[in-house]
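Take a look at the structure set out below.
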Amino acid sequence: MISLQGVSVKYRLIKEKKRSFQAHLINYFKGKRIQIQVLWALRDISLNLNKGESLGIIGHNGAGKSTLLKVVSGVIKPAGGIVKVNGKIAPLIELSAGFDPELTGRENIYLNASILGFSRKEIDKKYDSVVEFSELRDFIDTPLKNYSSGMIARLGFSIATEVDPDILIIDEVLAVGDAWFKEKSKERILEFRKKGVTTLFVSHNMEEIKSLCSKVLWLEHGKIKMLGDPESVISEYGKEVIRFSEA
Amino acid sequence: MQEIPLIISYKELLRNLVLRDIKKRYKRSALGFLWVMLDPLLMMLIFYIIFAGIFKRTIDNYTAYVMAGIIMWQLFSQGTKVASTAFIHNRDLINKLYLPKSIFPISNVASSLAHFIFALIPLFIIMIFSGTAISHNIVLLPFIVMLIFLFSIGISLTVSTLTVFFHDVIYIYEVLLMGWMYFSAIFYPVSILPEKLQFLMSLNPVYHYITLFRACLYDNTLPLTEHFVFGAVFALLSFSIGWVIYNKNKEKIIFYL
């Protein structure tokens, strides 16, 4: 279960980010405080997600979609508001982040799952089904640097979904991987919904959102523009996009 | 303090990070893991060739003296040096999912500790070959290692946190480490220093750890208690300062990475 109440996140953008003592000292003696521009990445977001619901998040680049995911996963502590999240979170993170190219597939499974907070015993238990789902058994003792990006994506998806999360966070990662694996992944996400896993899903692919989500959130400049059932939000969003391109 | 139980719950990650460090460092080299032992040996050889003529008469067991100094110094310096960029190097992960961030600098010090344990092998071989008798104080070794470990973690947390806000810290710390090494009585006796510097030496934590290490290994003439008190105070001080600096800034780190 996820509950956000009046959540706001503020980024402080330093104009010409010079992060050195020198610049700091010079500015200090000049009496010049570094110019800071405050950007509200999220503003007063309130939202409730029950167990088993899956929320699609749409909006333009920079609308705050990824920031919202970061707030839910606990990476960012919001400047204001209350965040309540119950359950184990598995983020489908970008491929480069949790993997090490020098290590083998097997070693990376252990590394990645421990990043998600699992103990060795738990990983031992899941190991076979992760390899099974990724269909990479023949390559499991090969260093990851010899994998294709599609293979890495498969491994990443398999780990994040085999670990039985309560909340799954997907940030535009289904874009990689071949069509067949994409289908397989979609099936698995739908299966999760039946099992009661809560899903947060950021994508620019409206078809995917429609087929996978029970609710859609449209963010614009960090605020909620619309929140509702997929059909109506997506059609409004589509109109806006057309209006935007005509203007 | 609430992060400590969290780190314990992530102990599998800590283990995997240390294993990765060890595996990666030697994966591409022909001699592989042997380098853990060769590295301090070769360094000892260099010091020996240059300085043995000067200091051999004032220092008993010169080879053991230098070797002990080197591996204790490396335990401290390598761990903290790598840790200075711990948050920057792991920014992708820190940006994407929640974990106790301090696990990264801590794992760097833990890797260094693992290296230290293997480097003990050539040290003991050298001691046996040079006919140096091992002291009964050796039973205290785990405590001394614990002290320098705690001290190093404190420094790592401080340096890695400051680095996020000022990248200059990486370079400052590197230079500082070099000066620190020459000032830690690794290959010379403290008695050659002028009195003023000798006093300053008593404020050098690493000097106390190195001396304690030598006292543990073979030198029964050293004042163990005095160095132990200094070492313990510095370890607690360093750890507390590092922990406070890290905790005061940990929520801000994400915005500066």
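Coordinate-derived values only; no laboratory data. Computed from a prediction, not measured in an experiment: that's the story for all the values here. Positions of Cβ are generated from backbone atoms using ideal geometry, with glycine treated the same way; all protein chains shown enter the neighbour counts.
Here are the numbers:
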item	result
Fraction of antiparallel bridges per DSSP, region A:50-246 only, in percent to nearest 5	25 percent
For A:109-117, mean number of other protein chain Cβ atoms within 10 Å	6
Rounded to the nearest 20 debye, dipole of chain A from Cβ charges on Lys, Arg, Asp, Glu	1540 debye
Degrees separating the helix B:103-129 axis from the principal Cα axis of chain B, which is the longest one	20 degrees
Chain A shape via C-alpha gyration tensor axes, a/c threshold 1.5	oblate
Among B:Gly79, B:Thr221, B:Ile59 the positive-end extreme of the charge dipole of region B:3-256 (Cβ point charges)	B:Gly79
In Hz, Karplus ³J(HN,Hα) per residue of region B:145-157 (6.51, -1.76, 1.60; θ = phi - 60°; x = Gly, Pro)	4, 4, 5, 5, 5, 4, 4, 5, 5, x, 5, 4, 5
Charged-residue dipole, Cβ positions (Lys, Arg, Asp, Glu), chain B about Cα centre, Debye nearest 20	720 debye
Distance in nm between pseudo-label sites at B:Val233 and B:Ala114 (7 Å out along the Cβ direction from Cα)	3.6 nm
Estimated distance in nm for a label pair at A:Trp180 and B:Met146, the labels positioned 7 Å out from Cα along Cα-to-Cβ	5.7 nm
